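Below is one structure, written out as structure tokens, with a few remarks after it.
Here, each number is a calculation from the coordinates, and none is a lab measurement. These numbers come from a predicted model, not from an experiment. With ideal geometry, Cβ positions are generated from the backbone for all residues, glycine too; neighbour counts draw on all protein chains shown.
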Amino acid sequence: REALREQVVCLTCIGTAEALEDLAGTIQAKYSSEVEIHLFENLYSPGWFWLTVHDKKASKDQAIRILMETRGLSDFDLVVFGDQTNDLKMFQIATTAVAVANAVPTVLEKAGKVIGTNEQDSVVKFVKAHWSQRPAPRQTPAI
């Protein structure tokens, strides 16, 4: 509940690299201590770039940490999937960091495992294969 009281904002602008580079530079120069910025070409729409600007609290790794803590999941393994540089902080907190084969080079280098591309439904196949290998849940005795 505490986390939900925080003001968390994320803004995504989509355009050409030239149009977004100046905006990213201006925002970075003025607000670098308050926000995190990612400017990258959308892997699935070549030629279009995404500029994401978000409060430092609005990152994937922060959201995962809060969910794990508030839901009592801190002792569980964390498997995450990524394809772009905005996934790298999430990779740092994961037990297993998985990249799709068509991820950007930096993500591929940091991944503990690389699977097929997103066009091959590789994430779903990975989850399905590993879910079926999980231990059976413990039975709770009836009271």
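GluC sites (Glu not before Pro) within segment 1-101: which are DSSP loop residues with at most 15 other Cβ atoms inside 10 Å? All intermediate terms of the calculation are to be shown ahead of the outcome.
On the way: sites: 2, 6, 18, 21, 34, 36, 41, 69; in loops: 2, 6, 34.
Within segment 1-101, the qualifying GluC sites (Glu not before Pro) (loop, at most 15 other Cβ atoms within 10 Å) are 2, 6, 34.
Between the Cα long axis of helix 60-70 and the first principal axis of the chain there is an angle of about 30°, rounded to the nearest 10.
Amide H to amide H, with H built 1.01 Å from N, residue 48 comes under 5 Å of 42, counting only residues 5 or more places away or on other chains. In this simple spin-label approximation, residue 42 and residue 12 carry label points 7 Å from Cα along the Cα→Cβ vector, and these lie 0.8 nm apart. A crude spin-label estimate for the pair residue 65 and residue 28, with each label 7 Å from Cα along the Cβ direction, gives 2.3 nm.
Of all lysines in the structure, the ones whose alpha carbon falls short of 25 Å from that of residue 56, not counting any fewer than 8 places away in one chain, are 30, 89, 110.
Of the chymotrypsin sites (Phe, Trp or Tyr not before Pro) found in segment 4-86, those that fall in a DSSP loop while having at most 15 other beta-carbon atoms within 10 Å are 44, 48, 76. Note the angle between two axes, namely the Cα long axis of helix 122-131 and the longest principal axis of the Cα atoms of the chain, as a number of degrees from 0 to 90, rounded to the nearest 10. So the inclination is approximately 20 degrees. At full extension, residue 96 and residue 21 could sit 23.7 nm farther apart than now, given 0.36 nm per residue minus the alpha carbon distance. Using a/c under 1.5 as the rounded threshold, could you call the chain rounded, prolate or oblate? The axes a ≥ b ≥ c are square roots of the C-alpha gyration tensor eigenvalues, and prolate needs a/b larger than b/c, oblate otherwise. Oblate.
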